[in-house]
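**Q** Sharing a structure, written as structure tokens. Questions coming.
The values are calculated or read from the model by the stated rules, or taken from the named source; none is laboratory data. Model, not experiment: these values are computed from the prediction. Note: ideal-geometry Cβ built from the backbone for every residue, glycine included; neighbour counts use all protein chains shown.
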């Protein structure tokens with residue numbers, strides 16, 4: 001249902017407020033570049049520092065601007081099951097095509113707690129769900145066995161796998177039929193080698209055409225071409241996830257490229273001057289600056 005290149009869309013700010021005009025421009029840039037899907041209000045979209053009202057407004061604006069041209073999978077996760085159900089209901093009412101559901105963070109549920117959390121959301125709202133496994137941020141890893149149990153629920157259709165462990169991706173692939181989407185740009189091709197079918201991408205915010213070229217080649221089984229795109233994208237992808245915590249580097253890159261402001265909300269702060277110079281060189285080496 002959700003395969004190929006989906007962009008983990010940033011949320012632009014101006015003077016402390018969500019810049020909805022620029023958000024609409026970013027959506028159209030993605031669609032005109034051929035992106036396969038749009039994923040707003042995830043980690044890259046700075047959902048932790050959006051108010052609930054802003055979060056819902058971003059969903060509304062993105063769904064409206066996309067206008068059915070590509071699937072919209074909106075961040076609707078929470079470490080409160082009731083809150084996740086509320087956001088998921090809102091997503092369905094707004095016309096989203098699916099939700100991205102992050103593992104409950106900070107409270108570190110057991111595997112049974114994870115199963116109960118996601119199954120409760122899925123049973124409460126009939127909308128396709130992408131599980132989001134990112135133990136580095138959430139403090140807990142969802143076992144492939146738990147994913148296999150959840151895969152038996154019809155509207156749980158995919159997992160964004162960001163554990164950084166290829167063995168985990170392999171175990172998911174052999175244990176259930178969930179579509180596997182990479183949660184790390186630098187691992188999209190390696191994960192594809194064990195069954196992945198795309199990526200929810202940070203780097204696609206600035207080079208959506210190239211990310212799509214790689215995932216198109218993957219889905220066509222042309223791994224030689226996909227490897228060429230991987231090699232080109234790799235230094236940029238690594239920089240965006242290693243210079244500082246995501247989404248600090250991608251916001252800085254977009255400001256350098258004059259796509260949107262690099263403004264963030266505390267406790268997130270902008271990229272420091274030395275690293276911004278390093279990022280500028282990487283963007284220039286890629287061919288994005290002239």
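**Q** Tell me which residues, restricted to segment 45-56, are over 15 Å from the mean Cα position of the chain (by Cα) and surrounded by fewer than 17 Cβ atoms within 10 Å (Cβ to Cβ). Spell out how you get there, then give the answer.
**A** Let us first name the residues in segment 45-56 that are over 15 Å from the mean Cα position of the chain (by Cα), namely 49-56.
Result: 49, 51, 52, 53.
**Q** If you go through segment 67-88, how many residues are touching a residue at least 12 places away in the same chain (Cβ under 8 Å) and buried (at least 16 other Cβ atoms within 10 Å of the Cβ)?
**A** Total satisfying the criteria: 15.
Table: residues versus (1) in contact with a strand residue (DSSP E or B) (Cβ under 9 Å, 6 or more places away or on another chain); (2) more than 20 Å from residue 191 (Cβ to Cβ); (3) buried (at least 21 other Cβ atoms within 10 Å of the Cβ); (4) modelled with pLDDT of 95 or more.
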{"residue": "204", "(1), (2), (3), (4)": "yes, no, yes, yes"}
{"residue": "214", "(1), (2), (3), (4)": "yes, no, yes, yes"}
{"residue": "222", "(1), (2), (3), (4)": "no, no, no, yes"}
{"residue": "225", "(1), (2), (3), (4)": "no, no, no, yes"}
{"residue": "232", "(1), (2), (3), (4)": "no, no, no, yes"}
{"residue": "236", "(1), (2), (3), (4)": "no, no, yes, yes"}
{"residue": "254", "(1), (2), (3), (4)": "no, yes, no, yes"}
{"residue": "257", "(1), (2), (3), (4)": "no, yes, no, yes"}
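**Q** So which of 123, 93 is farther than 30 Å from residue 32 by Cα and surrounded by fewer than 19 Cβ atoms within 10 Å (Cβ to Cβ)? First the steps, then the outcome.
**A** Details: 93 fails: farther than 30 Å from residue 32 by Cα.
On inspection, the qualifying residue turns out to be 123.
**Q** So which residues in segment 165-178 are farther than 17 Å from residue 227 by Cβ and assigned to a helix (DSSP H, G or I), if there are any at all? Full working, then the answer.
**A** Of all residues in segment 165-178, those farther than 17 Å from residue 227 by Cβ come to 165, 167-178.
Listed by number, the residues that qualify are 167, 168, 169, 170, 171, 172, 173, 174, 175.
**Q** Would you check if residue 34 is touching a residue at least 60 places away in the same chain (Cβ under 8 Å) and farther than 21 Å from residue 264 by Cβ? Lay out the reasoning, then the answer.
**A** Working: touching a residue at least 60 places away in the same chain (Cβ under 8 Å): yes; farther than 21 Å from residue 264 by Cβ: yes.
So residue 34 passes the test.
**Q** A further question on this structure: Would you kindly identify the helices (runs of 4 or more DSSP H) lying entirely within segment 179-250 that contain at least 3 residues that are within 22 Å of residue 40 (Cα to Cα)? Working first, answer last.
**A** Details: elements: 188-192, 208-219, 223-242.
Once the helices (runs of 4 or more DSSP H) in segment 179-250 are filtered for at least 3 residues that are within 22 Å of residue 40 (Cα to Cα), what remains is 208-219, 223-242.
**Q** The conditions are (1) free of Cβ contacts under 8 Å to residues at least 40 places away in the same chain; (2) buried (at least 19 other Cβ atoms within 10 Å of the Cβ); (3) part of a helix (DSSP H, G or I), and residue 262 fails exactly one of them. Which is it?
**A** Single failed check for residue 262: (3).
**Q** To continue, here is another question. Looking only at segment 33-40, decide whether some residue is touching a helix residue (DSSP H, G or I) at 6+ places or on another chain (Cβ under 9 Å), surrounded by fewer than 19 Cβ atoms within 10 Å (Cβ to Cβ) and under 30 Å from residue 217 (Cβ atoms).
**A** Looking for residues that are touching a helix residue (DSSP H, G or I) at 6+ places or on another chain (Cβ under 9 Å), surrounded by fewer than 19 Cβ atoms within 10 Å (Cβ to Cβ) and under 30 Å from residue 217 (Cβ atoms), one finds at least one in segment 33-40, hence yes.
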